[in-house]
Amino acid sequence: MKRKMVVLGISLGILAVGALLAYLVYTGLQIPCLFRSVTGLLCPGCGNTRATLALLRLDFKAVLRYNLSYPLQILYILRLYLVCAENYIRGGRFAYHTKPDWVDISCLSLLLVWTVIRNCIPL
């Protein structure tokens, strides 16, 4: 029960920080992309800030317009968090498994392909 409360606290903390960042971005804070600043190329996450704001407005077309891979990224991050939380509740270690499985390989491969496509083909 104590471990479930810790996971709940961490989850609420993440949501609070996310809400604060969304508020700051909504009021004008800009988050530059370090990858784009250094290379001039779009990273897999470029557009995620605008996509998050569009998601908060429930503008799903805009979410996909800003970054087509955004839903995949969100689902993958959620999966990572849930696996880590389950590992912590069951075994006391807030860690992800060490061997990549088909989901990891598929998601990361799709993000790599998306990065190449968005930098080579004007969309």
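Only the coordinates and a few stated rules stand behind these numbers; no lab work does. Remember, predicted model here, so these are calculated numbers, not experimental data. Neighbour counts run over all protein chains shown; Cβ positions are idealised from the backbone, glycine included.
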### Query
Taking the simple approach of a point 7 Å from Cα along Cα-to-Cβ for both F35 and I74, what is their distance in nm?
1.9
### Query
Highest mean first, what order results for 77-87, 50-60 on Cβ atoms within 10 Å?
50-60, 77-87
#### Entry: Dipole magnitude (debye, nearest 20) for region 2-120, charges at Cβ of Lys, Arg, Asp, Glu
200
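Expressed as a fraction of 2.2 N^0.38 Å, the rule-of-thumb size for a compact globular protein of N residues, what is the C-alpha radius of gyration of the chain? Walk me through the intermediate numbers first.
Numbers: Rg = 16.7 Å, N = 123, 2.2 N^0.38 = 13.7 Å.
It is 1.22.
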## Note on the structure
Contour minus Cα-Cα span, L21 to L58, at 0.36 nm per residue, comes to 11.6 nm
### Query
Mean separation of Cα pairs under 8 Å and 6+ residues apart, divided by the residue count of region 2-120: what relative contact order is that in percent?
24
### Query
Residues with beta-carbon under 12 Å from that of V7, excluding V7: net charge, scoring Lys, Arg +1 and Asp, Glu -1?
+3
### Task
Considering only L75, L64, L29, give the residue with the highest GNM mean-square fluctuation for the chain, with springs between Cα atoms whenever their separation is below 10 Å.
L29
#### Entry: For Q30, net neighbour charge (Lys/Arg +1, Asp/Glu -1) across residues whose Cβ lies under 15 Å away
+2
### Query
Among the helices of the chain (complete DSSP H runs), which have Cα atoms covering no less than 20 Å along the helix axis and a Kyte-Doolittle mean of at least -1.0?
2-26, 70-91, 102-120
### Task
May I ask you to compute the full-extension gain from H97 to V6, defined as 0.36 nm times their residue separation minus their alpha-carbon distance, rounded to one decimal in nm?
30.8 nm
